[in-house]
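Scroll down for the structure; my scribbles are underneath it.
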Amino acid sequence: MKTKLILIILFLSFATISFSQKYTLSGYIKDADTKEELQGASIIVKDKALGASANNYGFYSLSLSAGKYEIVVSFLGYKNKNITIDLNKNITLNFEMEMDAVMASEVEITADRDKNIEDSRMSVTRIPIETVKTLPAFMGEADIMKTIQLLPGIQAAGEGNSGFYVRGGGPDQNLILLDEATIYNASHLLGFFSVFNTDAIRDMEIYKGGMPAQYGGRISSVLDMSMKNGNMKKFEAEGGIGTISSRLTVQGPIIKDKASFLVSARRTYIDLLIKPFVKKESLLRSSGYYFYDLNLKLNYKFSEKDRLYISGYYGKDVFNFKANVAGFEMGIPWGNAMINVRYNRLISSKFFSNTTFVFSDYKFQTSVKLKSDGNIGTGLEFIQDSGIRDLNGKQDFTWIPSPKHTVKFGLNYTYHIFSPNSVSASLGEMNLTSDNKKHQFAHEGAIYIGDDYKINERITLYGGLRFAIFSQRGPFTRYIKDENYLTTIDSIVYDKHKSVANYYALEPRASLKINLWKSASFKASFMQNKQFIHLASLSASTLPTDLWVPCSDIVKPQIGRQYAIGLFQNFLDDKIETSIEAYYKKLYNLIEYADGAMPGDEITKDNADNYFIFGDGYSYGLEFFIKKRAGRFTGWIGYTLSWTNRTFQDINNGEEFPAKYDRRHDISVTGTYTISEKWSVSAIFVYATGNVTTLPIARYMVDGELTSEYGKRNSFRMDAYHRLDLSATWTITTKKKWESSLNFSIYNVYNRKNPYFIYFYNEGNVSNGNFETKAKQVSLFPILPSITWNFKF
Amino acid sequence: MKSKTIFIILIIFTISELIILSCEKDITVDLPKTEEKLNVQASIDLNEYPIVFLTKNMSYFDKADTAFVKNLIVSGNQAVVVVSCNGIADTLSPHKFPVWPFDGYIGSKFKGAIGNYYDLKINYDNKEYYATTTIRDTIGIDSVKFNIVSIRDTFQTGYLTLFWRNPSTNGNYFAIRLKSTYQNWFFRPMMVNVIDDKLIDNSPFVSCPFVTKSYARNSFFSRQDEEDTLHFEQEFLFKIGDTISIQLSTLDEISYLFWSSWERNKMTDGNPFMNPASVKSNIKGAPANGAWIGYGAFIKSFFINNELKVVPIDY
């Protein structure tokens, strides 16, 4: 029924597209200095409720009746451009926007200011990269992922946890795109840093719901990031030297105004810094951890209508452990690799095409070596791999037939290769494995269409439909287990290309915006979508060891259905934005590992999904947001009140339990104050209800050993998390050819001991009559000051 | 295999070394009231009478002294324990043992035999508990190797690798328990007690690569101060001159499930990176923990000689 309704809306909206004689003003909106496209820049016709936004590639198109128009082009942080045009034919006009040198002063940015009111999309936020860079950062390393977690509805997974949770969804339900390529593991060092080097990122946008039809494959959110293209005009370098890491980005023209490049690199060096302080006999002496990442971008402009982009990312975390005794060595590298090629073609002033090919790969490896002492049967080698590799091709079109309609449609195909666990091992001369290369292969395809239809000056409606298909194919062997899931009793072998499981999804999305009065609007959205891949986690935390697994003959697609409504009101001539959003989200076919499952249980004659159990969940909540966006003082307050629960037949005897994402209150306060051209200060305060956890409630003896008996899943809530961070930036020089600044940050200013986990320890003994068990709470980071020197030339 | 677990442990270790040490504090945890359960630790070994120990569970934060612990033990006429096999019912007699809980029950009518099924029935506090187990064919130990871990001036320490022939059928489960110079009377489990043949299905041999001393793990009865704790090598590894009795037992699937889930329970206990694993009991009836297990036990003793060879001792 809902699907039919969406189809009718789509039909009606197309039917209203006017084909009367109109002319089109189109082109690109760019940064005057670097020639970077300004995604989301606005172009409006003054005194008329007509306008358009630049797409991901900076392209805009505005079709109007013949006549004279006063046009205003604006983008946050740039000076407005005003121009009068006489539109009596199709005109191509590129705009080059100049940075506003004094951001803090009262500048006229009227066209952009009420975007949150006028935009038909809801639950979407764009944070300028400059904002990310001005906020206090952990160890001085500005971090996009950490900044988005300060928005209402987006929760940090917590210190020591990678990933983030959006409106009660799991970390695997977030589609993270870098230049349209999927990034499967977005964190370094268990989530302390993200894989995204802010110097290399141009723009980012996050959808918490109501995602347009061009996005698919995840049911909770989309984080869409674009890398800088590289300066077309001049060579430029920027970087920073920090307490534990440094970074450098170099960009410039290959052929001026035609081709450019960007190379960005970052590495931590805590492993090198700490080595002199570690005792020779310490196990840490020959051990270490570091991460690095490398971004690359090339782009070439064949003509004003054709452009080619090549983007690449390669990042790795490496953990080494070498024991002085027994010849024990362990290496654990994990990371992402991605390369993509995109071709933009401006087919006409109203028709934009983008063709993309992506290769992306995420791999986690563990290798263990125990040297042989020369005797038979000694010497152990063990290598375990898991990961996911995608080959993706897609074709996207944007058609802007009139200022009332922006139609996007296209198709998408991905070939997935999953490696849930692949093992090779030997003990001495004995090969310990027989069947371990258990890749799983799948095809995923989708077609979509969506129209942003401005019905009148007050009402805008977005309708979209996406049809997706997923097919797991052979070669594959399904191992069938006995009732205790211990012994394999049978198997089904699927030959190469033979169908193992097929799933389809019809995914309607809709959103509605109604202007209530000046600077106020009401919005509503609905979306339903399916996710054909799951992230299986054995841990109460989110770790890089978690397995990406496809839908199969026993694992069904995750289904997400979300309803949201919101009120948006701006004050003080749009200097202050406020919003209240309410949402309800239902989730089906979620997975968890069965009680007692361990990593590697499935490595031979078995399948990872044999150890899964299945359940449903729901989440609902209210999000409040107030933001001051202009002036010397900028910042926001976000508050979320939410409930998130899960029900699994095989957990808690089928009783509902709070998900690990359940957090009743979540508050974020950020503020930046520009004192002078030389000095600015900023602060972050966060408060979150404590995480839930499962604790033992009783114990008994087995073979003389105390054995724990656990209570209900997630039935205990730890203390609340709160923290204040401060930072100050001193701009040392701002000469045209050389800029440098020092950033002083203090993380956890009042040294709050936030709970990370709880453990128990015993004191005394029975013989002495004083046996007692006590609980200890472990916290990760105390107060941590850091200094980073940033430069640009 | 367990490498991810090792990784997780190492990560914790590294983070601990760098950051955590100064960030701990005692807290009070308010836990819900504990449901009283009977804990059954019952076994029948090949050629041995059945032995049953019964204890009660305790709240997690219960303070314990000898009187408290004594009160946990179910003994004498408090329970009626019956083991049946092939139509013969043996009511077990209260008996004193030299290991905790000291009071238990022992049979007298029949000993464990390969292929037989044994039904256990317990009546305690007007509640009934029951379970069934069997004894599978025994497997002999093929060879044992000594692996040196470190060389010191005074002694050399190491662990053992144990080999035995892999049965041709699928789904074989083994338990390895030890008695050594230091641990007499009962065979006790090591850190990893049970093993299956899943990994080595096509190999003629099964091996347990890391055989260490029995797991002397917790401090319930006689905790030593931290500074007195034995070094890892002395606590877990063997040295020249040690005499070790190894019991290699075959298990049925349910018994294996109990022990493997118990090991997982110990591994995940207090580990913030793992979901806790509950122990899978095979005791049915009223709420209970524990298991009733038949061991197809093969026992052989060994001596580590001066040439670092593990030599069988023929009694």
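Points worth noting:
- Conditions (1) at pLDDT 70 or above; (2) over 20 Å from the mean Cα position of the chain (by Cα); (3) facing another protein chain (nearest Cβ under 8 Å); number of the one not met by B:D196: (2)
- Test: residue in the range A:679-693 that is touching a Gly at 6+ places or on another chain (Cβ under 9 Å) and within 14 Å of another protein chain (Cβ to nearest Cβ): yes
- As for the range A:727-739, it holds no residue that is of a type in the set (D, E) and within 24 Å of B:D62 (Cβ to Cβ).
- When residues in the range B:21-68 are screened for being aliphatic (A, V, I, L, M), more than 7 Å from every other protein chain (Cβ to nearest Cβ) and in contact (Cβ under 8 Å) with a residue 24 or more places away in the chain, 8 of them pass.
- Hey, A:K736 touching a Cys at 6+ places or on another chain (Cβ under 7 Å) and at pLDDT below 90 or not: no
- For B:F303, the conditions (1) within 14 Å of another protein chain (Cβ to nearest Cβ); (2) in contact (Cβ under 8 Å) with a residue 24 or more places away in the chain; (3) in contact with an Asp or Glu (Cβ under 9 Å, 6 or more places away or on another chain) all hold with the exception of (1).
- Hey, A:L512 out of contact with any helix residue (DSSP H, G or I) (no Cβ under 8 Å at 6 or more places or on another chain) and over 29 Å from A:N610 (Cα atoms) or not: yes
- Residue within the range A:722-737 that is of a type in the set (A, V, I, L, M) and under 26 Å from the mean Cα position of the chain (by Cα) present: yes
- Restricting attention to the range A:716-761, the residues being without any contact (Cβ under 8 Å) to a residue 24 or more places away in the chain and within 12 Å of chain B (Cβ to nearest Cβ) number 2.
- Residue within the range A:599-609 that is assigned to a strand (DSSP E or B) and surrounded by 21 or more Cβ atoms within 10 Å (Cβ to Cβ) present: no
- Residue satisfying condition, being within 14 Å of chain B (Cβ to nearest Cβ) and within 17 Å of A:F418 (Cβ to Cβ), within set A:Y479, A:Y494, A:Y503, A:Y485: A:Y479
- Test result for A:Y584, closer than 30 Å to A:D553 by Cα, away from chain B (no Cβ under 14 Å) and in contact with a Phe, Trp or Tyr (Cβ under 9 Å, 6 or more places away or on another chain): yes
- Checked against the criterion of being farther than 23 Å from B:A131 by Cα and not charged (D, E, K, R), the candidates B:V83, B:V99, B:V74 yield just one match: B:V99.
- Checked against the criterion of being surrounded by 14 or more Cβ atoms within 10 Å (Cβ to Cβ), under 30 Å from A:I489 (Cα atoms), at pLDDT below 70 and of a type in the set (S, T, N, Q), the candidates B:S180, B:S219, B:S214, B:S203 yield just one match: B:S203.
- Being part of a loop (DSSP other than H, G, I, E, B) and assigned by TED's automatic domain parsing to the domain that holds A:S676 is a description that does not apply to A:N743.
- Residue that is nearest to B:D252 (Cα to Cα), among those in the range A:465-486 that are touching a Lys or Arg at 6+ places or on another chain (Cβ under 7 Å) and not charged (D, E, K, R): A:Y479
The values are calculated or read from the model by the stated rules, or taken from the named source; none is laboratory data. This one's a predicted model, so the numbers in the text were calculated from it and none came from an experiment. Neighbour counts are summed over all protein chains in view; Cβ atoms, including those assigned to glycine, are modelled from backbone coordinates with ideal geometry.
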